[in-house]
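What follows is a single structure, written as structure tokens, with notes after it.
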């Protein structure tokens, strides 16, 4: 057995040796990691000393260090560089990890030791140690430690099946996304498309061995076509393909949605909760499904009213422009862009030349330097998992903070969307501190021999968003990995990411990096002002769309599903009151809703809106004194970014802001505040 994932390696900063990983041996490496972790726990369990933080909690905290590195590496590769070797092992590895998790959390002898520590707190514990003990005790209870043997076995079976089904959901979606390409041979069908989009499509066609142009369901291909292509029938074709991914056909996720939801509900009932949503939300800032619904309802009416007015305005515009009587979903992006151009005298494509991807990366680094004094040094001495990846050493006043992997371009082997992940969390083994290894992953347009990768403004915001998550991990200053970095309550985790998007519209930020890729000219102040003026364009529609996702998420997790319910039926029952555009048969977004069926957001998608309230209120603190006000930045770093989950998030927020967040801050920023 090759031991590639010991805590220490021969590489700088104990980096992962991607160039040495025998991918076909991941299953064996996981098995070895599980064996090592169980051995450490068994050694701890047989000790006869009085249960304490040092004798029980710390060994448990550090028991799976090697396993976590192996498993995080496997799943990160599966999501960014998927191939048959990894895919064939996915089910087996998911089962191994589910079984291991159950073996630990359902171990009565281990739980009794944890319980003994929890019920006999020491006056010498730090605040962080108190939090870690409470977290372990509650996690074990929430995951079945108090169940009888029969129910524990039921839980094991459910968890194993769930781990396999959620993995399969993600694989189906990736395959369904890659299975479709729209091939165009007549250039007049490309009318309206920017030259860059046409060039990318021609490049893709060559890769597919075809003449003309090809468009895929990957965002860098799909979004420009839906936004700029004048050909309505082709827009309809592409829209239908995108919105029916994994719905029926060879990679159908319809049945998986219902199976996953049903198993989650059964699991919650076994654990003594009314629904999966009750189970999830008992450890969230929101506390309960009722509180989430109340929160969402407060935003729903102003969002829906504004969205309806926006659609009426757009319909009138389309009728005047092209004698269109009704806006269909495949028309929305196209006419919205045209209306935006008319109202604000600029196009999104006017911005692209100022957002060359390398400059944007330098821009977020400069942003972090101005706020927190950080520097980012590119290194070629750390192995990468793909040629597109860049690796940076992050430093604070010259002191090493962590590694940052930057993986920005779309490819068939990468799942869609954008995310931040870690290969190693910040923390300590009790004797030596280790700094985090962090990765941000996006799906931007790749450069071609003729043109660098030029981002849309939305993609610039995405980069700032994921970079915010990365800062949360990199600036963590905790003792224990389980509460460091982004290991916080789920409806708090988006605050550090979403607040960073605010700076992307600030002239002081844009002037550090937004330069024309040909001339080097700084983005004009007039164009920045137009971005600001248009910031709330169709804000009602955007808000309603996010709310609709949250309501559908809750619907899947609010109780037992009706017998034989179909994904389309459940979704339609919720969306009929939330749609301001016509619903189209044979389309469904639940089957592609990887956030809730293959990610960590089940019964928690509302957290994006929840965190928007926090980030709107928090950014007002910067606006009051200056967007790069050093004391405000210091307070945000000290009370939010560096503290991880060492205290309850509402406590951390009050320490930063001096009060609870103002619920109206989001409505103010979005222009949705009703008089």
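The values are calculated or read from the model by the stated rules, or taken from the named source; none is laboratory data. Bear in mind the structure is a predicted one, so any value in this text is a computation, not a measurement. Methodologically, a virtual Cβ is constructed for each residue, glycine included, from the backbone with ideal geometry; neighbour enumeration extends over all protein chains shown.
Values as computed for the structure displayed
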{"item": "Residues located in the stretch 638-670, provided they are on the phi > 0 side of the Ramachandran plot and in contact with a helix residue (DSSP H, G or I) (Cβ under 6 Å, 6 or more places away or on another chain)", "result": "644"}
{"item": "Contacts under 9 angstrom Cβ, first residue in the stretch 200-228 being at positive phi, partner surrounded by fewer than 18 Cβ atoms within 10 Å (Cβ to Cβ) and not in a helix (DSSP H, G or I), 6 or more apart", "result": "212/183; 212/185; 212/186"}
{"item": "Helices (runs of 4 or more DSSP H) within the stretch 11-85 that include 2 or more residues under 26 Å from residue 385 (Cα atoms) and either at pLDDT 95 or above or not assigned by TED's automatic domain parsing to the domain that holds residue 437 (or both)", "result": "26-45, 65-80"}
{"item": "Candidate set: the stretch 572-596, residues that are touching a helix residue (DSSP H, G or I) at 6+ places or on another chain (Cβ under 6 Å) and within 11 Å of residue 254 (Cα to Cα); chosen: the one surrounded by the fewest Cβ atoms within 10 Å (Cβ to Cβ)", "result": "592"}
{"item": "Residue list for the stretch 624-663, filter: part of a loop (DSSP other than H, G, I, E, B) and surrounded by 14 or more Cβ atoms within 10 Å (Cβ to Cβ)", "result": "627, 628, 629, 642, 643, 644, 645, 646, 647, 648, 661, 662"}
{"item": "Residue ID - nearest to residue 242 (Cα to Cα), chosen from residues in the stretch 197-219 that are in a helix (DSSP H, G or I) and in contact with a strand residue (DSSP E or B) (Cβ under 6 Å, 6 or more places away or on another chain)", "result": "219"}
{"item": "Among the residues listed as 155, 193, 165, 173, the single one being crowded, with 18+ Cβ neighbours inside 10 Å and within 16 Å of residue 79 (Cβ to Cβ)", "result": "173"}
{"item": "From 590, 482, residue being touching a residue at least 40 places away in the same chain (Cβ under 8 Å), within 25 Å of the chain's Cα centre (by Cα) and not assigned by TED's automatic domain parsing to the domain that holds residue 325", "result": "482"}
{"item": "Among the candidates 296, 281, 324, 314, residue that is farther than 30 Å from residue 146 by Cβ and under 25 Å from the mean Cα position of the chain (by Cα)", "result": "296"}
{"item": "Number of the exception - residue 521 against (1) out of contact with any strand residue (DSSP E or B) (no Cβ under 8 Å at 6 or more places or on another chain); (2) surrounded by fewer than 18 Cβ atoms within 10 Å (Cβ to Cβ)", "result": "(1)"}
{"item": "Residue match in the stretch 467-481 (condition: surrounded by fewer than 24 Cβ atoms within 10 Å (Cβ to Cβ) and outside any loop (DSSP other than H, G, I, E, B))", "result": "no"}
{"item": "Residues that are at pLDDT 95 or above and either out of contact with any helix residue (DSSP H, G or I) (no Cβ under 7 Å at 6 or more places or on another chain) or under 30 Å from residue 353 (Cβ atoms) (or both), drawn from the stretch 414-425", "result": "414, 418, 419, 420"}
{"item": "Unique match (being in contact (Cβ under 8 Å) with a residue 60 or more places away in the chain, crowded, with 22+ Cβ neighbours inside 10 Å and farther than 17 Å from residue 601 by Cα) among 277, 246", "result": "246"}
{"item": "Answer from 145, 116 - the residue that is part of a helix (DSSP H, G or I) and in contact (Cβ under 8 Å) with a residue 12 or more places away in the chain", "result": "116"}
{"item": "Any chance residue 432 is surrounded by fewer than 18 Cβ atoms within 10 Å (Cβ to Cβ), without any contact (Cβ under 8 Å) to a residue 40 or more places away in the chain and in the same structural domain as residue 365 (by TED's automatic domain parsing)", "result": "yes"}
{"item": "Qualifying position, being surrounded by fewer than 21 Cβ atoms within 10 Å (Cβ to Cβ), at pLDDT below 95 and within 22 Å of residue 667 (Cβ to Cβ), among 298, 308", "result": "298"}
{"item": "Flag for residue 241 being surrounded by 19 or more Cβ atoms within 10 Å (Cβ to Cβ), modelled with pLDDT of 95 or more and more than 30 Å from residue 647 (Cβ to Cβ)", "result": "yes"}
{"item": "Number of the exception - residue 502 against (1) more than 19 Å from the chain's Cα centre (by Cα); (2) outside the structural domain of residue 403 (by TED's automatic domain parsing)", "result": "(1)"}
{"item": "Residue match in the stretch 89-102 (condition: surrounded by fewer than 20 Cβ atoms within 10 Å (Cβ to Cβ), assigned by TED's automatic domain parsing to the domain that holds residue 47 and closer than 22 Å to residue 429 by Cα)", "result": "yes"}
{"item": "Residues (on the phi < 0 side of the Ramachandran plot and either crowded, with 23+ Cβ neighbours inside 10 Å or touching a helix residue (DSSP H, G or I) at 6+ places or on another chain (Cβ under 7 Å) (or both)) located in the stretch 482-492", "result": "482, 483, 484, 486, 488, 489, 490, 491, 492"}
{"item": "Listing of strands (runs of 3 or more DSSP E) fully contained in the stretch 375-451 that carry 1 or more residues being out of contact with any strand residue (DSSP E or B) (no Cβ under 7 Å at 6 or more places or on another chain)", "result": "399-409, 437-444"}
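The rows are residues; the columns are (1) in the same structural domain as residue 556 (by TED's automatic domain parsing); (2) crowded, with 18+ Cβ neighbours inside 10 Å; (3) farther than 30 Å from residue 199 by Cα.
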residue	(1), (2), (3)
228	no, yes, no
231	no, yes, no
235	no, yes, no
261	yes, yes, yes
267	yes, yes, yes
283	yes, no, yes
